[in-house]
Structure formats: structure tokens, C-alpha cells
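Novice: First the structure, then my questions, so here it is.
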Amino acid sequence: MLSPKEFFSLKGSPFSPLFASASYVWEALSHLSSYLEKTLEPNLTKVCKGQTFLTRTCVLFENEVLEEDFDLHPGDATRGQFKVTRKGEVLEGASVIMGGVTLLDGLIYIGKGSVIESGAFLKGPVYIGNHTEVRQGAYVRGNCLIGDGCVVGHVTELKNAIFLDGARAGHFAYVGDSILGNNCNLGAGTKLANLKLIRSLIIIRAGKESVSTGLRKLGAILGDETETGCNSVTSPGTLMGPHCLVAPNVTVKAGVYPAKSVIR
């Protein structure tokens, strides 16, 4: 009952191989580093040009880096509304990396139509899919897999995390050692805590079953279309099935919550 298929729809997902060998859903996080090492094809090396801090806005279009002679037409990138034009022609699939972004290394891939806003800090390895927004002040600090149509929001920190397509952490969130399923949404200020105060491995208890994860750090696993209210906190080792709801200002105790749970 703790396998990936209980939490996510992975049919047709390019990330399904990451979960294929996971008997327990959290094992995908243990495989994430090696998965990125094998599959990541960095495409921001030309943008970096040996720089850490970008002083000007760049556009990545068909493996070409544009530094001038383009116009930006801001909009919601997740809906394909952020447009780049050159001499009046729309550059379909162009991605934007704004001046003021820090790219700590070149082990970063950004998909088509995505936008990285000023003030974001990215440390590889990181995969960013198509039509995804990494907003101002975001801190993406390594071993992160972010799918299509996602949002990594203002002052949001990610570490060893997976966002399946449509997952959003729009404002002031912490997502460490955690997985957000398809179309999950974290309310502003949500924290997915990943480290117990008492030094011990994280054990998952589901009914009468107890399973040691073998991990000191494990945040939350949120199934497809699960949502959290503002300023909610999940305890280390929290697993929620699809379509769960967490009320605002709630601290969710560790454990397994079935699909469509409402946690107040």
C-alpha cells in the first residue's frame, strides 16, 4: 500500500523510470541523485559562460542563447502566456533566464517556455521542465526534479525534491526530501519538515505495519492533487494519498493518510 502507484499517476510520465524500482514510494528520493546523473543533459552552460551571477537577461531558444534583440511579453508561463518575440516574430518555446539569477554550476536543464526570475539561486543538479516558473527569491539547492507547468515560488526552498507535473509551491514554502504529486498545491508558508528533533531513523506506520525507511531525513509525500492550507506544517515522515486537504495553520502528525483525507 506504500508503493508509488498508490500516490501518483505515472502513466506516460517521462519520470516513471525513477519510480520503477521503488517498492516504497520514498525510495525514489534515494535514487534521485543517480537518476539525474544518468539522465540530465545540461543546457545552461552556454548561458553561464563561466559566470555564477548573470548580469543580464538571456533567452534560450533552440539551443541558441540570445542576449539582445528580443522583447519580453510577461504572462503566466505555466499557461504558455509568457512570450518572447524577435523582430515581431514569436519565438515559440523560448525560455527566459533573467538578469540577477545565480547559477552555481552548469548541471542545470531548463525546458521550453520556462522562466527563471531575478533573484533565484539554482545549484545543480536540477531538471526544470516545460512552462515552469522559478520565481524571485527561490532557492533550489541541488538534486531537484521539477516537471512541466510547475511553480517554485517566492522565497521557496527546495532540496532533494521531486515536483511532478503541475505541482506548485508558490509562496514561502520549504520542501526538503519530499515529493509533490501531479497538480499538488502548497498554500503560502507551508513547511514540509524533514528532520526529527530526536536523532533516529524515520519509521512509517500504516495501520499495524511499521516500516523503517533507513533515512534520517524524509519530509512529506503528497499524492496527486493534494492541497495544503496556508502556514501548515507536515511532520517528518508524512504520507498523504491523492486528493487530500490540509486546513490552514495545522501541524500534520507523521503517518499515512488515505486518499481524500481532510486534516484539520
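Novice: In whole Å, how far is the Cα centre of region 186-264 from that of region 62-110?
Specialist: If we compute the Cα centre of each part, the gap is 36 Å.
Novice: Something else about it: Over region 173-263, what is the relative contact order in percent, taking alpha-carbon pairs closer than 8 angstrom and at least six residues apart?
Specialist: Worked out over region 173-263, it gives 28 percent.
Novice: Report relative contact order for region 4-263 in percent, whole number only (criteria: Cα-Cα under 8 Å, sequence separation at least 6).
Specialist: Value for region 4-263: 12 percent.
Novice: Positive end of the dipole of the chain, charges at C-beta (+1 Lys, Arg; -1 Asp, Glu), about the Cα centre: which of 45, 12, 241 has its Cα farthest in that direction?
Specialist: 241
Novice: Can you tell me which aspartates and glutamates have their Cα less than 18 Å from the Cα of residue 49? Leave out same-chain residues fewer than eight positions away.
Specialist: Those aspartates and glutamates meeting the cut-off are 41, 62, 64, 67, 68, 105.
Novice: Run the helix sum for the chain: -39,500 (n - 2.57) per DSSP H stretch of 4+ residues, divided by residue count, reported at 222 nm to the nearest 500 deg cm²/dmol.
Specialist: -2000 deg cm²/dmol
Novice: Could you give me the ³J(HN,Hα) list for region 12-24, computed from phi with Karplus coefficients 6.51, -1.76, 1.60 and θ = phi - 60°, whole Hz, x at Gly and Pro?
Specialist: Once θ is set to phi - 60°, the couplings for region 12-24 become x, 6, x, 9, 4, x, 5, 9, 4, 9, 8, 5, 10 Hz.
Novice: How large is Rg/Rh for region 170-212, to two decimals, with Cα atoms and a Kirkwood Rh?
Specialist: Result: Rg/Rh = 1.06.
Novice: Between residue 11 and residue 90, 0.36 nm times their residue separation minus their Cα-Cα distance comes to what?
Specialist: 25.2 nm
Novice: Here's something else I'd like to know. Limiting things to C-alpha atoms, what are the Rg and the maximum Cα-Cα separation (Dmax) for the chain, in angstroms?
Specialist: Spelled out, the Cα radius of gyration and Dmax of the chain are 18.4, 65 Å.
Novice: Continuing with the same structure: With the chain treated as a Gaussian network of Cα nodes joined by springs under 10 Å, which of 253, 208, 49 yields the largest mean-square fluctuation?
Specialist: The residue that fluctuates most here is 208.
Novice: Of all beta bridges DSSP finds with both residues in region 4-263, what is the antiparallel percent, to the nearest 5?
Specialist: Percentage antiparallel, nearest 5: 25.
Novice: I need 157, 133 ordered by Cβ neighbour count within 10 Å, fewest first.
Specialist: 157, 133
Novice: Let me check against my output: what whole-number percent is the relative contact order of region 104-183, with C-alpha pairs under 8 Å and at least 6 apart?
Specialist: Rounded, it is 22 percent for region 104-183.
Novice: Based on a Kirkwood Rh over C-alpha pairs, give the Stokes-Einstein translational diffusion coefficient of region 1-117 at 25 °C and viscosity 0.890 mPa s in µm²/s.
Specialist: Reported coefficient: 150 µm²/s.
Novice: Taking just the alpha-carbon atoms of region 107-178, what radius of gyration and Dmax come out, in angstrom?
Specialist: Rg, Dmax (Cα atoms, Å): 10.1, 27.
Novice: Moving to a separate point now. Report, as a whole number in µm² per second, the diffusion coefficient that Stokes-Einstein gives for region 145-264 at 20 °C and 1.002 mPa s using the Kirkwood radius over alpha carbon pairs.
Specialist: 155
Novice: Something else: Between the helical axis of 27-39 and the dominant principal axis of the chain, each derived from Cα atoms, what acute angle in degrees is found, rounded to the nearest 10?
Specialist: 20
Novice: Can I ask one more? Past 19 Å, Cα to Cα, is the threshold; run 11/217; 191/217; 38/191 against it and keep the listed order.
Specialist: Exceeds cut-off: 11/217; 38/191.
Novice: Now for a separate question. I need 205, 264 ordered by Cβ neighbour count within 10 Å, fewest first.
Specialist: With the fewest neighbours first, 205, 264 line up as 264, 205.
Novice: Roughly how big is the chain's charge dipole about its Cα centre, with Cβ charges of +1 (Lys, Arg) and -1 (Asp, Glu), in debye to the nearest 20?
Specialist: For the chain, the charge dipole is close to 1120 debye.
No lab work stands behind these numbers, since they all come straight from the coordinates. Everything numeric in this text was worked out from a predicted model, so none of it was measured. Note that each Cβ is placed from the backbone with ideal geometry, even for glycine, and that neighbours are counted across all protein chains shown.
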